[in-house]
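Since every read-out is calculated from the coordinates, none of them should be taken as a lab result. Please read all numbers here as calculations on a predicted model, not as lab measurements. No Cβ is skipped: glycine too gets one built from the backbone with ideal geometry, and neighbour counts run over all protein chains shown.
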Amino acid sequence: MTFTQERTIADQVRADFPLLHQQVNGKPLIYLDNAATSQKPQVVIEALEDYYQQYNSNVHRGAHTLSGKATDAYEAARDKVAKFVNASSRQEIVFTRNATEAINLVAYSWGMNNLKPGDEIILSVMEHHSNIVPWQIVAQKTGAVLKFVELTPKQTFDFPQFQTLLSDKTKLVSVVHVSNTLGCINPVAEICTLAHEYGAKVLIDACQSAPHLPIDVQQIGCDWLVASGHKMCAPTGIGFLYGKEKVLLSMPPFLGGGEMIAEVFLDHSTYGELPHKFEAGTPAIAEAIALGAAVDYLNSIGMDKIHAYEAELTAYLFQQLDKIPQIKIYGPYPNSQGEGRAALAAFTAGEVHANDLATLLDQEGIAIRSGHHCTQPLHRHLGIPATARVSLSFYNTREEIDIFIHALKDTLDFFHSILG
Ligand code: C6P
């Protein structure tokens with residue numbers, strides 16, 4: 001494995017992430033839990049600080065200078081997100097708390113009002129709970145029926161089976177772009193084209209793709225796309241819903257209150273223009289502004305470059321994991337360039353439980369995630385209770401992977417010595 005750049009992206013950016021430079025349990029921190037949440041660069045932390053130190057004020061309300069400044073910064077963040085995903089207009093970006101809230105917004109506003117008994121919703125077995133549970137609630141209320149796309153033998157989205165599920169009854173397809181467990185990259189543009197032939201709407205969960213790949217909602221052709229800021233270098237408490245303008249216009253509000261109205265009378269109200277119709281109450285102002293700073297930061301590196309570097313790391317990670325006989329990785333394998341899947345690996349290690357692995361690796365300062373990663377149905381489908389998951393970001397290095405692999409081998413040796 002040869003790295004194409006002399007100074008890798010990680011070499012160039014690590015100094016930007018204060019949290020990475022610390023010891024955990026007496027060892028230098030190796031943070032490999034980026035799919036759960038990413039670390040934040042100094043510019044994002046400063047965007048939060050600047051807001052609270054210089055212009056903390058409510059948005060869209062005050063005539064005073066600080067409120068104007070806060071409103072401008074908040075709306076500028078919307079412009080940045082719109083451009084980041086190539087939306088056709090800024091009205092198509094609704095700020096939410098996270099991807100989960102964005103999916104619930106669509107489920108309650110569109111799903112509850114457009115689905116009737118016998119209508120079908122197609123999901124896949126690899127969905128995160130946040131793209132299953134809201135649709136179960138909608139199905140229970142409306143009488144709609146859930147159908148699930150299963151996996152190919154390579155543990156990817158079974159497109160031919162998806163084709164067999166589609167019919168005139170299909171009203172919605174809601175699928176993940178990149179699986180947080182299998183790491184597969186689903187053919188979302190093809191999924192949209194086909195679903196639209198049946199008149200169905202499509203929601204794409206881009207939680208694990210937006211931080212790692214260039215996203216173009218117009219090229220994908222989806223009706224909605226959701227993501228969480230905290231996985232893409234922004235703070236927690238902010239995410240977004242992209243929706244085609246025509247689709248968002250057809251949807252009633254999700255939450256009612258201040259911010260989202262045009263006029264309020266005692267017996268009825270009229271609603272604000274897009275996107276404000278969907279942003280009830282005081283929003284997460286500082287967090288939205290910091291999301292804008294995160295988008296600027298990612299753009300300053302370049303999403304293409306981030307993807308290419310993470311692919312190199314993925315190839316290296318898989319080469320190294322593959323040398324450990326007990327390890328079984330789930331999801332598709334990358335090609336020799338590391339392409340064809342995301343920069344994460346969820347795996348089992350024989351008899352050793354994932355939680356035990358994660359606990360012992362933590363003693364070495366290495367942060368990985370263990371458990372079901374909020375994909376219980378997928379784990380059930382695979383016939384396993386849990387996996388250990390290492391998930392990479394552009395600030396990770398090959399040296400960190402070496403240390404992780406070394407510690408993983410030592411941990412497995414230890415368990416084998418006691419388990420016999
Ligand atoms: N996955 C993980 O460790 P929220 O909680 O709304 O920010 O993100 C939910 C979510 C939705 N879809 C996918 C594909 C996701 O990966 C996640 C979050 C984290 O894998 C936390 S469970």
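Give, in nm to one decimal, the length gained when the segment between GLU245 and HIS64 is fully stretched (0.36 nm per residue of separation minus the Cα-Cα distance).
Working: separation 181, 0.36 × 181 = 65.16 nm, distance 3.12 nm.
Roughly 62.0 nm would be gained on extension.
Could you work out the Kirkwood radius for the chain, taking every pair of different alpha carbons, averaging 1/r and inverting it, reported in Å?
Over the chain, the inverse of the mean reciprocal pair distance is 22.5 Å.
In whole Å, what is the distance between the alpha-carbon centres of region 96-123 and region 347-420?
Rounded to whole Å, the Cα centres lie 34 Å apart.
Positive end of the dipole of region 45-299, charges at C-beta (+1 Lys, Arg; -1 Asp, Glu), about the Cα centre: which of GLN53, LEU194, GLY243 has its Cα farthest in that direction?
In region 45-299, that residue is LEU194.
Can you give the local net charge around ASN355? Use residues other than it whose beta-carbon is closer than 11 angstrom to its beta-carbon, Lys and Arg +1, Asp and Glu -1. Please list the in-between numbers first.
Details: positive: ARG369; negative: ASP356, ASP362.
The answer is -1.
Using unit Cβ charges (K, R positive; D, E negative) and no other charged atoms, how large, in debye to the nearest 20, is the dipole of the chain about its Cα centre? Can you show the working numbers first?
On the way: 31 positive and 45 negative charges, 121 e Å.
Value, rounded to 20: 580 debye.
If each residue of separation counts as 0.36 nm, what is the full-extension length gain between THR152 and ASP410 once their alpha-carbon separation is subtracted?
Details: separation 258, 0.36 × 258 = 92.88 nm, distance 3.38 nm.
Stretched out fully, the THR152 to ASP410 stretch lengthens by 89.5 nm.
What are the ³J(HN,Hα) values, in whole Hz, obtained from phi via the Karplus relation 6.51 cos²θ - 1.76 cosθ + 1.60 with θ = phi - 60°, for each residue of region 196-213 in sequence order, with x given for Gly and Pro?
5, 4, 9, x, 8, 8, 10, 10, 10, 8, 9, 3, 9, 9, 4, x, 10, 10
How large is ³J(HN,Hα) for each residue in region 354-364, as worked out from phi by the Karplus curve 6.51 cos²θ - 1.76 cosθ + 1.60 (θ = phi - 60°), to whole Hz, x for Gly and Pro?
4, 5, 5, 4, 5, 5, 6, 5, 4, 4, 9
Mark the label point 7 Å from the Cα of ILE137 along Cα→Cβ and return the residues of region 89-112 whose backbone N is within less than 14 Å of it.
Inside the label zone: 97-112.
Just to confirm my numbers, what's the Cα centroid distance between region 173-207 and region 53-94 in Å?
Result: 29 Å between the Cα centres.
With a 10 Å cut-off between alpha carbons and a GNM built on the chain, which of SER393, SER300, SER130 moves the most?
SER300
Multiply the residue separation of ALA262 and LYS83 by 0.36 nm, subtract the distance between their alpha-carbon atoms, and state the gained length in nm to one decimal.
Numbers: separation 179, 0.36 × 179 = 64.44 nm, distance 2.69 nm.
Taking ALA262 through LYS83 to full extension adds about 61.7 nm, to one decimal.
Please compute the net charge surrounding VAL226, taking Lys and Arg as +1 and Asp and Glu as -1 over other residues with Cβ under 13 Å from its Cβ. Working shown, then result.
Values: positive: ARG97, LYS231; negative: GLU92, GLU101, GLU127, ASP205, ASP223.
Cβ neighbours under 13 Å give a net charge of -3.
Go through region 267-273 residue by residue and turn each phi into a ³J(HN,Hα) via Karplus (6.51, -1.76, 1.60, θ = phi - 60°); whole Hz please, and just put x for glycine and proline.
9, 6, 9, 10, 9, x, 6
Can you list which of the GluC sites (Glu not before Pro) found in region 241-325 are DSSP loop residues with at most 10 other C-beta atoms within 10 Å?
Details: sites: GLU245, GLU259, GLU263, GLU273, GLU279, GLU287, GLU310, GLU312; in loops: GLU259, GLU273, GLU279.
Sites meeting the loop and neighbour criteria: GLU273.
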